[in-house]
Amino acid sequence: MLRILIKSFFKNYTFMKKKFIYYLLTALPFIFCTGCEYELQETNPVEIKKPQNLSYNIQLKASQNSEGEYVVKYENLKFSSELPEDVNYLNFILYREDGYGNSFSLTVGRTSINLRGFYPGKYTLKCEIPPHRTKTGSLADISGYEFYEKTLEWKIVLQQNPPPKLNLRCERLDENTFNLVWDQPDPDYGEVDYYSIIYDYYNSLAKTTDTSYTVTLPQGWYMRYRVIAHFKDSDLEQLQSEEIAINNDNNY
């Protein structure tokens, strides 16, 4: 009987010893980690700083009236922009005098804002530049909230002007030679890239950057011509002249 009691004591003692060591090893990481975390918060605070002296340059390409408002004669408002390399879009908001606004985003590289569908009148145009990005991500990602790096504002007056006309006409040089002449579009509408001369309704004859082109028409021939203006800004619609018909007697 005594042997059984001694054996049972040592068996329970070994079990309790192992259990104590298990709990001790389990608690050690929490004790040390808690101390380390507290020490880091005291000695190494994290401070997020906003980048300074970033270069932003956005300018509207429109004439200004006596009140300093930008006058938009046609449906496209042209602008130029110089931005940091890591900013890839701009957010524009157009407000009417009654406070109603329309917002739209443009990728960097676009140089015009299409105002087709807006009524003539006075508006406020705002441009919101998104956060500058750093090596660790955008400032919005780091700070946990969205904001804009910079906001610009302009007063504009939108006019409802009809598209300019090319006013194509013909000048007879000799019996079989004619000079096609047309007007240059209003520069406020857009910068011309080139003109294409079309004959017989849809056939392309030539491309030129001048406002005239000489054609040869044999005696007895009859031909129809028109001119199309193509603009450097791809958002602008092409301008087409009225067709004119020419024969060797210059009757058209």
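Quick rundown of the values:
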read-out: Total residues in region 137-193, condition modelled with pLDDT under 85, among the hydrophobic types (A, V, I, L, M, F, W, C) and either buried (at least 17 other Cβ atoms within 10 Å of the Cβ) or closer than 20 Å to Val215 by Cβ (or both); value: 1
read-out: Residue tally, condition over 12 Å from Ile246 (Cα atoms) and out of contact with any Asp or Glu (no Cβ under 7 Å at 6 or more places or on another chain), over region 176-190; value: 8
read-out: Residue count for region 222-235, restricted to those that are basic (Lys, Arg) and buried (at least 16 other Cβ atoms within 10 Å of the Cβ); value: 1
read-out: Count of region 194-216 residues which are within 26 Å of Glu75 (Cα to Cα), in contact with an Asp or Glu (Cβ under 9 Å, 6 or more places away or on another chain) and loosely packed, with under 13 Cβ neighbours inside 10 Å; value: 1
read-out: Out of Gln238, Gln219, sole residue that is surrounded by fewer than 17 Cβ atoms within 10 Å (Cβ to Cβ), assigned by TED's automatic domain parsing to the domain that holds Gln184 and either aromatic (Phe, Trp, Tyr) or within 17 Å of Asp186 (Cα to Cα) (or both); value: Gln238
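The values are calculated or read from the model by the stated rules, or taken from the named source; none is laboratory data. From a predicted model like this one, the values you see are computed outputs, not experimental measurements. We place every Cβ from the backbone using ideal geometry, glycine too, and count neighbours over all the protein chains shown.
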